[in-house]
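Working notes, structure below.
The values are calculated or read from the model by the stated rules, or taken from the named source; none is laboratory data. Being a predicted model, the structure only gives us computed values, none of them experimental. Neighbour counts are summed over all protein chains in view; Cβ atoms, including those assigned to glycine, are modelled from backbone coordinates with ideal geometry. These accessible areas exclude ligands, DNA and RNA; they are computed on the full protein's heavy atoms, side chains included. Shrake-Rupley method; radii C 1.70, N 1.55, O 1.52, S 1.80 Å.
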Amino acid sequence: MFLINPTSKTLKKLLSHSQKPIFSFLCDPQNPPYSHTQKSHYVDVYMKWKKDPYYDSIDHIHKSIQLKPVISLKNCIAQDPNGCIPISQVSKRGLEFDVPMKVARFLRQYPAIFEEFTGPQYNLPWFRLTPEAVEIDREEKRVFENCKEDLKDRLKRFILMSKGKVLPLKIIQGMQWYLGLPEDFLRCLEVNLDGSFKFVEMEDGLKGLAVECEEKFLSVIQRNAMKKGVYFGEPMEAIEFPFFPRKDARLRRKIDDWLKEFQKLPYVSPYEDFLHLDPGSDIAEKRVVGFLHELLSLFVEHSAERKKLLCLKKYFGLPQKVHKAFERHPHMFYLSLRNKTCTAILKEAYNDKLAIERHPLLRVRNKYINLMKQSGVILKNKRLSNRFLDHGSVKLDLDLDLDLDLDLDVVDEERREMTDLDVPRMII
């Protein structure tokens, strides 16, 4: 740079800038190195959504809306000492069980799970579990017992990703199904949790659960990268996200270039502090995408309704438009529009079986879903048999009417013959 007739003001500005060492940020313990390399190269990524029949046909994801109230009612019956309950015990608790109709009608929709019989008093309908449902319930309890430490670890990781390492109990309860926790888990927290968990009072009078732990946790992406030998745990180290694009996906050059640069950015673990990140930078976006990947990895089905994930923004420091991350990264997430809702699905869990282990609870849930399907077949066959019976009764009624008509005709003819015979006798 050449200066012609430099003024004292210009020299003063240059000297003031030169007083600070060039690599002073390396000595600053408050901000890690990547906080000085944050750039915002936002590209308006728009990829047309396309239906994928593979992800739209995963039963344990799309049947979970119906399965959740089925299991809640199943637990209510199984916990009863007699193993059966009158309909009056649950008929007013539809909202509690998230049943979208009358509870009695809902129970009758699944005859392969719930068996109806007449009660000992007042001829009221009672319900008990079928032998097949009882057997699956036993298996489910064994899975919960064997996976107790795993479920505890999932809850701990879920809390450690939050801003203050603390979450309200109502948030944990809302994510209970996704984390695979049994329904009575929050009722017996002292028994199910260890000393690293602590009850705290939060703002607005909410009761929360905090985790105090010095152990360093690695995300699924970090562990898999270490196994492949492409990550060594160094600061400012980049990790490429696992991409699973559609076969017919064609990206514009600008978007493709942006994705390549995005993959080269440093990876910020969801378990690390993120408050120093510039919310508008590419690194902050990569941190959000990494958080969503880790969150769906913790969930048993590796999926969740998008509207429920949006409720986590306040406690996990997510941006206001966090839903855009799913739309900007369709190579990692698939948005299913089945069941009149939007469900976010982690693609890696269903494309790379070695990357994310399949949870044993999924096998149990699939068995319940099979009983739900059998119930549909039972009801269909019942309707068909009733239809045949109705046709048979109609045919029988027609035959009876025809026979009656014939008999009446015979009687009329006999009467006419008798009258013909009687008339002459009266004349004589």
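Of the residues that sit in the range 199-235 and are in contact (Cβ under 8 Å) with a residue 12 or more places away in the chain and open to solvent by 90 Å² or more (accessible area, probe 1.4 Å), which one is nearest to the chain's Cα centre (by Cα)?
Out of the qualifying residues, it is K207.
Can you name the residue in the range 258-272 that is part of a loop (DSSP other than H, G, I, E, B) and of a type in the set (F, W, Y) and, of all such residues, is surrounded by the fewest Cβ atoms within 10 Å (Cβ to Cβ)?
Among residues in the range 258-272 that are part of a loop (DSSP other than H, G, I, E, B) and of a type in the set (F, W, Y), the one surrounded by the fewest Cβ atoms within 10 Å (Cβ to Cβ) is Y271.
Report yes if some residue within the range 85-94 is under 21 Å from R365 (Cα atoms) and either open to solvent by 20 Å² or more (accessible area, probe 1.4 Å) or more than 23 Å from the chain's Cα centre (by Cα) (or both); otherwise report no.
no
What pairs come out if I take residues in the range 78-89 that are under 23 Å from E135 (Cβ atoms) and pair them with residues that are outside any loop (DSSP other than H, G, I, E, B) and among the acidic types (D, E) whose C-beta lies under 7 Å away, six or more apart or interchain?
A78/D137
Looking at L181, is it assigned to a loop (DSSP other than H, G, I, E, B), of a type in the set (A, V, I, L, M) and open to solvent by 40 Å² or more (accessible area, probe 1.4 Å)?
Details: assigned to a loop (DSSP other than H, G, I, E, B): yes; of a type in the set (A, V, I, L, M): yes; open to solvent by 40 Å² or more (accessible area, probe 1.4 Å): no.
Considered against the rule, which asks whether it is assigned to a loop (DSSP other than H, G, I, E, B), of a type in the set (A, V, I, L, M) and open to solvent by 40 Å² or more (accessible area, probe 1.4 Å), L181 comes out as no.
Output the residues belonging to the range 128-163 that are among the small types (G, A, S) and more than 29 Å from S269 (Cβ to Cβ).
The one that is among the small types (G, A, S) and more than 29 Å from S269 (Cβ to Cβ): A133.
Could you check how many residues of the range 105-124 are outside any loop (DSSP other than H, G, I, E, B), open to solvent by 20 Å² or more (accessible area, probe 1.4 Å) and among the hydrophobic types (A, V, I, L, M, F, W, C)?
Count: 1.
May I ask you to list pairs of residues, at least six apart or on different chains, whose Cβ atoms are under 9 Å apart, with the first in the range 128-149 being part of a helix (DSSP H, G or I) and the second being open to solvent by 100 Å² or more (accessible area, probe 1.4 Å)?
From the range 128-149, the pairs are E139/R363; V143/R363.
When the residues of the range 273-296 are filtered to those that are open to solvent by 10 Å² or more (accessible area, probe 1.4 Å) and part of a helix (DSSP H, G or I), which remaining residue is farthest from K321 (Cα to Cα)?
Once the filter is applied, the top-ranked residue is D282.
Please report, ordered by residue number, the helices (runs of 4 or more DSSP H) entirely within the range 1-102 with at least 1 residues that are in contact with a helix residue (DSSP H, G or I) (Cβ under 7 Å, 6 or more places away or on another chain) and at pLDDT 55 or above.
53-56, 59-62, 64-78, 94-97
So which of G317, G280 is modelled with pLDDT of 90 or more and of a type outside the set (F, W, Y)?
Answer to the check: G317.
Give me a count of the residues in the range 135-175 that are surrounded by fewer than 15 Cβ atoms within 10 Å (Cβ to Cβ) and farther than 30 Å from L318 by Cα.
7
Conditions first: (1) open to solvent by less than 10 Å² (accessible area, probe 1.4 Å); (2) part of a helix (DSSP H, G or I). A344 passes all but one, so which condition is the exception?
Failing condition for A344: (2).
Do you know which residues across the range 348-374 are open to solvent by 20 Å² or more (accessible area, probe 1.4 Å), in contact (Cβ under 8 Å) with a residue 60 or more places away in the chain and of a type in the set (D, E)?
D352 - this is the single residue of the range 348-374 that is open to solvent by 20 Å² or more (accessible area, probe 1.4 Å), in contact (Cβ under 8 Å) with a residue 60 or more places away in the chain and of a type in the set (D, E).
Taking the range 303-323 on its own, how many of its residues are in contact (Cβ under 8 Å) with a residue 40 or more places away in the chain, open to solvent by less than 10 Å² (accessible area, probe 1.4 Å) and not in a helix (DSSP H, G or I)?
Residues in the range 303-323 being in contact (Cβ under 8 Å) with a residue 40 or more places away in the chain, open to solvent by less than 10 Å² (accessible area, probe 1.4 Å) and not in a helix (DSSP H, G or I): 2 in total.
Does M332 satisfy the condition of being modelled with pLDDT of 80 or more and touching an Asp or Glu at 6+ places or on another chain (Cβ under 8 Å)?
Numbers: modelled with pLDDT of 80 or more: yes; touching an Asp or Glu at 6+ places or on another chain (Cβ under 8 Å): yes.
Yes: the conditions hold for M332.
Could you tell me whether the range 237-247 includes any residue that is closer than 25 Å to N351 by Cα, of a type in the set (K, R) and either loosely packed, with under 14 Cβ neighbours inside 10 Å or in contact with a strand residue (DSSP E or B) (Cβ under 8 Å, 6 or more places away or on another chain) (or both)?
The answer is yes, given that some residue of the range 237-247 is closer than 25 Å to N351 by Cα, of a type in the set (K, R) and either loosely packed, with under 14 Cβ neighbours inside 10 Å or in contact with a strand residue (DSSP E or B) (Cβ under 8 Å, 6 or more places away or on another chain) (or both).
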